[in-house]
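Below is one structure, written out as C-alpha cells, with a few remarks after it.
Every number here is computed from the coordinates shown, using simple stated rules; none is lab data. As the structure is a prediction and not an experimental result, all values here were calculated from the model. As a convention, Cβ positions derive from the backbone with ideal geometry for all residues, glycine included, and neighbour counts pool all protein chains shown.
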Amino acid sequence: MSARIPPLDAPFPADVAPVLGRMMPPGEEPIALFRTFAHHARLTEALHAWGAYQLSRELSLGLREREIVIDRTCARCGCAYEWGVHVARFAVRAGLTDDQITSLARGTGADACWTDERDRLLIEAVDALHTRHDVDDPLWARLAAAFSAEQLLDLLMLCGFYHAISFVARAARLAPEPGSTPL
C-alpha cells in the first residue's frame, strides 16, 4: 500500500521547514504524518500549535490520562499508524502495562487490568464518543464527579483531535513508522 499523499522528504519547502523542526525532539527527523501535512504550510503551523498544547504539561490531563485517551481513540478508529507512534513513544513513560496496552487495543474499561476508576472512565468516555458521538447523562455524571470542567473539555478535545489525526493517517494510507508498535 502506498501513501495517497506521499510524505515530503528533505529538503523541505522554506515555509514548512522551521515548523517541522519544532514538531520533533532535537535531532529527530519528522515523522511521516508531519511530512504529509507539510504539503499545506498553514495547516502544518495550525496543527503544530494545537498538537503542542495537547502533548504539553499545559493540558489539564496527566501523561497517563492523555495516553489512555489517545491510544483508545486511535485503536477505536483503527489507526495503526498513530497507535504505533504513541504506544512506542509514550506507553512506558505513561506507566501502561502490556495488559493495559492490549486492552486499549481490543478490550474494555471493565478488563481486570484497569484498577483505577479514572482510567476506566476515560476508556468509557472515548468509547461513548466514538460509538455515539456523545456522552449520556449517567456517564457524564460519573465523569464530572472525577474530573474538573477543564479536564472534561481537554478530554473531549483530545479525543476529537485524535479522531481527526486518525482520519488523515488512515485515508492518506500512511505506512507505520519504523519501530512503532503494531495495533
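Taking only Cα atoms, what is the 0 to 90° angle, nearest 10, from helix 41-54's long axis to the longest principal axis of the chain?
30
Please report, to one decimal in angstroms, the Kirkwood hydrodynamic radius of segment 87-131 built from all distinct Cα-Cα pairs.
Hydrodynamic radius (Kirkwood, Cα pairs) of segment 87-131 is 10.9 Å.
What FRET efficiency do you get for Ala171 and Glu58 if R0 is 30 Å and r is their Cβ-Cβ distance, rounded to the nearest 0.05?
Efficiency computed from Cβ-Cβ geometry: 0.50.
For segment 102-174, what Kirkwood radius comes out of the mean inverse Cα-Cα distance, in Å?
Taking the inverse mean of 1/r over all distinct Cα pairs, segment 102-174 comes out at 13.2 Å.
Please find the FRET efficiency linking Glu117 to Met24, where r is the Cβ-Cβ separation and R0 is fixed at 45 Å, and quote it to the nearest 0.05.
0.80
Take the Cα pairs of the chain, get the Kirkwood Rh, then feed it into Stokes-Einstein at 20 °C and 1.002 mPa s and tell me D in µm²/s. Don't skip to the end; give the middle numbers.
Working: Rh = 17.0 Å.
Diffusion coefficient, whole number: 126 µm²/s.
Over the C-alpha atoms of segment 1-64, what are the Rg and the largest Cα-to-Cα span, Dmax, in Å?
12.8, 38
Treating the angle as unsigned and between 0 and 90°, give the value, to the nearest 10°, between the Cα long axis of helix 137-146 and the longest Cα principal axis of the chain.
80
Using a/c under 1.5 as the rounded threshold, could you call segment 63-153 rounded, prolate or oblate? The axes a ≥ b ≥ c are square roots of the C-alpha gyration tensor eigenvalues, and prolate needs a/b larger than b/c, oblate otherwise.
Prolate, because a/c is 1.5 or more and a/b exceeds b/c.
Let me have the 222 nm mean residue ellipticity of the chain computed from DSSP H runs of 4+ only, each contributing -39500 (n - 2.57), with the sum over all residues rounded to the nearest 500.
Helix-only estimate at 222 nm: -19000 deg cm²/dmol.
Starting from the Cα-Cα distance between Thr97 and Leu153, subtract it from 0.36 nm times their residue separation and give me the gain in nm to one decimal.
Working: separation 56, 0.36 × 56 = 20.16 nm, distance 2.66 nm.
Value of the extension gain: 17.5 nm.
Between helix 80-90 and the chain, what is the angle of the helix's C-alpha long axis to the longest principal axis, kept within 0 to 90° and rounded to the nearest 10?
Its long axis makes an angle of about 80 degrees.
Size of the dipole of the chain about the Cα centre, Lys and Arg at +1 and Asp and Glu at -1 on the beta carbon, nothing else charged, in debye to 20? Numbers along the way, then the final one.
Working: 18 positive and 24 negative charges, 90 e Å.
Taking the Cα centre of the chain as origin, the dipole is about 440 debye.
If each of Asp9 and His133 carries a label point 7 Å out from its Cα toward its Cβ, how far apart are those two points in nm?
Label at Asp9, label at His133, 4.0 nm between them.
Ordered by packing density, taken as the mean number of other Cβ atoms within 10 Å over each peptide's residues, highest first, how do 66-74, 15-23 rank?
Put in order of decreasing packing, that is 66-74, 15-23.
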